[in-house]
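To start, the structure itself, in structure tokens.
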Amino acid sequence: YSIALLLPFELNKINLKTAVKKDISRADLAIDFYQGMKLALDSLSESGHNFNLHVFDTQNQETRVVNLAMANSVKSNDLIVGPVFPEEVKSFADFADLKGVQQVSPLAASMPAGYKNQQLIMVNNTLEQHGKKIAGFIIRNYKADLVNIVLLNTQKVEDARFSTYLKRFINELGANKFRITERPNAIGIEKYMHPVKNNLVLITSSDRLFVVPTIDKLYKLKSDKYKIELFGHPGWTKADFLNQVKLQSLNTRVTTSYYINYKLENVINFISRYRREFASEPSEYSFKGFDVGFYFGGMLARYGKNYTRHLTEAVYPGLHNNFRFRRDSEGGFKNTELMLLGYRNFELIMQ
């Protein structure tokens with residue numbers, strides 16, 4: 001089976017004679033994803049399966065992506081992985097005639113319907129799915145008459161979108177039994193806190209200038225004997241400015257589609273093999289490349305070119321996230337698996 005891998009190496013911008021580390025580092029994402037995927041296909045090859053991996057540099061340029069979309073050297077493969085950026089995925093879809101060949105979008109966090117590509121498989125989770133995950137957790141674990149929900153929404157475009165999803169799913173899944181108070185910031189938030197009920201505070205922003213003082217204010221209010229539990233933005237899992245002591249005190253939870261449990265044997269084995277093979281440490285994109293390669297390579301090896309008939313049958317337990325694909329109502333497939341993490345012993349763990 002042949003697989004086309006489209007990544008932004010941007011080799012056209014690198015002069016090997018004069019390049020410095022900063023010049024080469026722009027290719028880190030592509031290199032790490034490629035190495036992770038190569039390791040996955042090598043692992044499958046050890047079991048007797050054969051793959052031809054054809055790697056293309058999208059150069060992070062629209063014209064290059066359009067040319068690749070129309071190239072027979074890309075369309076003639078059994079599977080296409082990439083491009084990785086949302087704009088590139090859209091440009092590719094606008095000009096590609098894949099004739100039944102599936103295309104995997106490994107990193108873009110959008111619904112497949114937005115690209116008008118019936119062959120598209122979205123691996124990453126959307127903001128809408130994150131909102132539904134939090135809403136589902138609240139509905140399952142709290143009684144409406146025992147909690148007070150305060151939603152902090154800065155009204156910036158992305159924050160407002162997340163807020164819309166949270167309100168929609170809390171109301172839909174909770175049969176409109178939960179009362180939600182929405183505020184633009186934490187100024188005077190104590191007026192909206194209930195003195196007896198459990199106050200569930202939902203923050204839709206990942207902006208440091210907004211998040212840090214808001215958490216400080218909530219931490220002080222909890223010290224004043226308010227019952228507070230905090231739900232944060234998915235971007236918090238990568239933020240280095242958050243105070244873990246305060247987050248744990250607030251019983252903070254966040255959703256994510258990327259989480260590595262370094263205690264698991266398969267994760268330990270992957271890291272060890274990656275170090276031996278490439279003499280470097282695996283990054284987030286190395287883990288994602290491996291999972292995409294191992295899952296889709298394994299599906300090709302097991303079912304052949306008709307593997308999409310079996311996409312929705314089982315869950316793949318990945319290193320960084322599970323894969324459970326469902327067909328989108330408007331075409332394509334989306335991954336419905338993502339995780340809810342909470343702070344315990346000053347680190348994020350699965351809930």
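The values are calculated or read from the model by the stated rules, or taken from the named source; none is laboratory data. Remember, predicted model here, so these are calculated numbers, not experimental data. Don't worry about glycine lacking a Cβ; one is built from the backbone with ideal geometry, like all the others, and counts go over all protein chains shown. Note: accessible area is taken over every heavy atom of the protein model, side chains too, but ligands, DNA and RNA are not part of it. Shrake-Rupley method; radii C 1.70, N 1.55, O 1.52, S 1.80 Å.
Some observations on this one:
- Pairwise FRET efficiency - VAL66 versus THR164, Cβ, R0 = 35 Å, nearest 0.05: 0.60
- For the chain, a Gaussian network of Cα nodes joined below 10 Å ranks THR308, THR252, THR18 by mean-square fluctuation, and the top entry is THR18.
- Per residue, the chain exposes 48 Å² of accessible surface when a 1.4 Å probe is rolled over the protein heavy atoms with every protein chain present.
- The heavy atoms of GLU277 present about 90 square angstrom of accessible area, all protein chains included, probe 1.4 Å.
- Region 80-135 - Rg over Rh from alpha carbon coordinates, Kirkwood radius: 1.01
- From its DSSP helices (H runs of at least four residues, each -39,500 (n - 2.57)), the chain gives a residue-normalised ellipticity at 222 nm of -12000 deg cm²/dmol.
- Calculated translational diffusion coefficient of region 140-219 (25 °C, 0.890 mPa s; Stokes-Einstein with Kirkwood radius over alpha-carbon pairs) equals 186 µm²/s.
- Its Kirkwood hydrodynamic radius, worked out from the mean inverse distance over all distinct Cα pairs, puts region 202-351 at 17.9 Å.
- Accessible surface of the chain, 1.4 Å probe, proportion on carbon and sulfur as whole %: 49 percent
- In plain terms, the chain is cut at each of the chymotrypsin sites (Phe, Trp or Tyr not before Pro) found in a DSSP loop with at most 11 other Cβ atoms within 10 Å, and the longest leftover piece is 1-240.
- GLN244-THR18 FRET efficiency (beta carbon distance; Förster radius 35 Å; 0.05 resolution): 0.25
- Its convex hull of Cα atoms gives region 96-237 a direction-averaged projected area, equal to a quarter of the hull surface, of 10.1 nm².
- Taken along its principal axes, the alpha carbon cloud of region 1-89 reaches lengths of 42, 29, 23 Å, longest axis first.
- Whole-angstrom gap from region 234-276 to region 116-143, using each part's C-alpha centre: 19 Å
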